[in-house]
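Colleague: What follows is a single structure, and I will ask about it in a moment.
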Amino acid sequence: MTVAAIILAAGRGTRAGGGLPKQWRDLGGRPVVSHALQAFAGMTRVLAIHPEDHARAEGLAAEMVVIGGASRQGSVRAALEALDGRGVTRVLIHDGARPLVSKALIGRVLQGLEAAPGAAPALAVTDALWTGEQGLVTGTRDRSGLYRAQTPQGFRFDAILAAHRAHAGGAADDVEVARAMGLDVVMVEGEEANLKLTWAADFARARAMLGTGMGTDMDVRMGNGYDVHAFCEGDHVWLAGVKVPHGRGLLGHSDADVAMHALTDAIYGALSLGDIGRHFPPSDPQWKGADSAIFLAHAIGMARDRGYRLGNCDVTIVCERPKIGPHAGAMQTRLAEIMGVDATRVSVKATTSERLGFTGREEGIASLATVVLLGAAG
């Protein structure tokens, strides 16, 4: 069985505010649609986008990008046609504005496809249903047998492609298209956390759920970094991306930013990707005197490529001099800027070694860093 996932992100919905279509707005440090894509890691992922969104789609974890249609149904059809002939046997069709879909829910849909040509998650309607006009209740409706539809909606590939090719258009979703073709669609248990972002309040709910791990199978990664550089001749040191005046410099192949090196190594460590030396060998002359921001940007970029976001980081600089306190705020801001996160996720502090050891003798500076990366388990 070869499974593909179609992620629909061609809409222009702006009712949630923010000045961007909802699927491209920030949620937990990355676009909403990035969360949806990550949930289907391991499958061939087809991202259907609006023609104006090419730049936004660059770098996202999609194996294929197609231009969607003027309607949801048109976007699905374009993606299905792009997959035709590639050996796909099952396809999952998911709204890019549903970022909190879980692996468990995806598994239930795939399991449902073992018994029927279509399967989709649903939640029974439990609230009373009213009709209304001009703000007044005008009647009630029986909720028996009514369900709230969710995605991903899964189908045997050849069957749903044929159904879309035969459909005249105007369907609310792919289940309607399938049923018009006479295909049976089984319902599987949906999840309240699998909400579709529509209004501004939905974003607040989604952020709260991300913070607690609701709706996702969370993967928490922690890494530590440690670095040391000796003093040498000079009139300044680079620490956490800030040029600090001092009577000496720091010796190193790059700019010897000991704080940024420790933080970079902590990120690589959380990802089980070694250290700076593996990615930027000191034997390579192109890194002579290099700005350490290059290393940090590379490390956090690798984290994002793997579906992780920075939960927080804590950097400690160990030295007698220079004094770090007057520069700590600027360091915090600079590190956050390089990593593309809010400064509240970055801590920079300093301590001395009470005149003990090489830092106490003012022979060099040491730094320690700890990071927490958050992502969806996959």
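The values are calculated or read from the model by the stated rules, or taken from the named source; none is laboratory data. Note that this is a predicted model, so its numbers are computed, not measured. Cβ atoms come from the backbone with ideal geometry, glycine included; neighbour counts cover every protein chain shown.
Colleague: Any idea which residue in segment 43-56 is nearest to the chain's Cα centre (by Cα), counting only those that are surrounded by 15 or more Cβ atoms within 10 Å (Cβ to Cβ) and in a helix (DSSP H, G or I)? It would help to see each step written out before you state the result.
Modeller: As a first pass, look at segment 43-56 and keep what is surrounded by 15 or more Cβ atoms within 10 Å (Cβ to Cβ): 43-50, 53, 56.
With in a helix (DSSP H, G or I) added as a condition, the list becomes 53, 56.
Working: 53: 17, 56: 13 Å.
Of everything passing the filter in segment 43-56, 56 is nearest to the chain's Cα centre (by Cα).
Colleague: Among helices (runs of 4 or more DSSP H) lying entirely in segment 172-282, which contain 2 or more residues that are in contact with a Cys (Cβ under 9 Å, 6 or more places away or on another chain)?
Modeller: Working: elements: 174-180, 200-212, 258-270, 276-279.
It comes to 258-270.
Colleague: Could you identify the single residue in 59, 107, 145 that is within 26 Å of the chain's Cα centre (by Cα), modelled with pLDDT under 95 and at positive phi?
Modeller: Details: 107 fails: at positive phi; 145 fails: within 26 Å of the chain's Cα centre (by Cα).
Residue meeting the stated conditions: 59.
Colleague: Among the numbered criteria (1) touching a strand residue (DSSP E or B) at 6+ places or on another chain (Cβ under 6 Å); (2) in a helix (DSSP H, G or I); (3) in contact (Cβ under 8 Å) with a residue 60 or more places away in the chain, which one does residue 341 miss?
Modeller: Here residue 341 meets the rest and fails (2).
Colleague: Additional query: Only one of these is assigned to a loop (DSSP other than H, G, I, E, B), at pLDDT 95 or above and farther than 21 Å from residue 53 by Cα: 116, 120. Name it.
Modeller: Values: 120 fails: assigned to a loop (DSSP other than H, G, I, E, B).
Just one listed residue meets the conditions, 116.
Colleague: Name the single residue, out of those in segment 310-331 being crowded, with 21+ Cβ neighbours inside 10 Å and not β-branched (Val, Ile, Thr), that is nearest to residue 228 (Cα to Cα).
Modeller: Checking each candidate, the answer is 319.
Colleague: For residues that are in a loop (DSSP other than H, G, I, E, B), over 20 Å from residue 302 (Cα atoms) and of a type outside the set (Lys, Arg), tally how many sit in segment 15-42. Spell out how you get there, then give the answer.
Modeller: In the first step, residues of segment 15-42 are kept if they are in a loop (DSSP other than H, G, I, E, B); the result is 15-21, 25, 28-29, 40-42.
Remaining after also requiring over 20 Å from residue 302 (Cα atoms): 15-21, 25.
Pick out the ones that are also of a type outside the set (Lys, Arg) and you get 16-21.
Total meeting the criteria: 6.
Colleague: Would you mention how many residues in segment 87-104 are loosely packed, with under 14 Cβ neighbours inside 10 Å and either assigned to a helix (DSSP H, G or I) or modelled with pLDDT under 95 (or both)? Full working, then the answer.
Modeller: Step one: filter segment 87-104 for residues loosely packed, with under 14 Cβ neighbours inside 10 Å, giving 87, 89, 104.
Okay, now just the ones that are also either assigned to a helix (DSSP H, G or I) or modelled with pLDDT under 95 (or both), so 104.
The number of residues fulfilling the criteria is 1.
Colleague: Count, please, the residues in segment 123-166 that happen to be closer than 24 Å to residue 177 by Cα, among the aromatic types (Phe, Trp, Tyr) and not in a helix (DSSP H, G or I).
Modeller: 2
Colleague: Restricting to segment 131-160, name every residue that is polar (S, T, N, Q) and touching a residue at least 40 places away in the same chain (Cβ under 8 Å).
Modeller: Result: 150, 151, 153.
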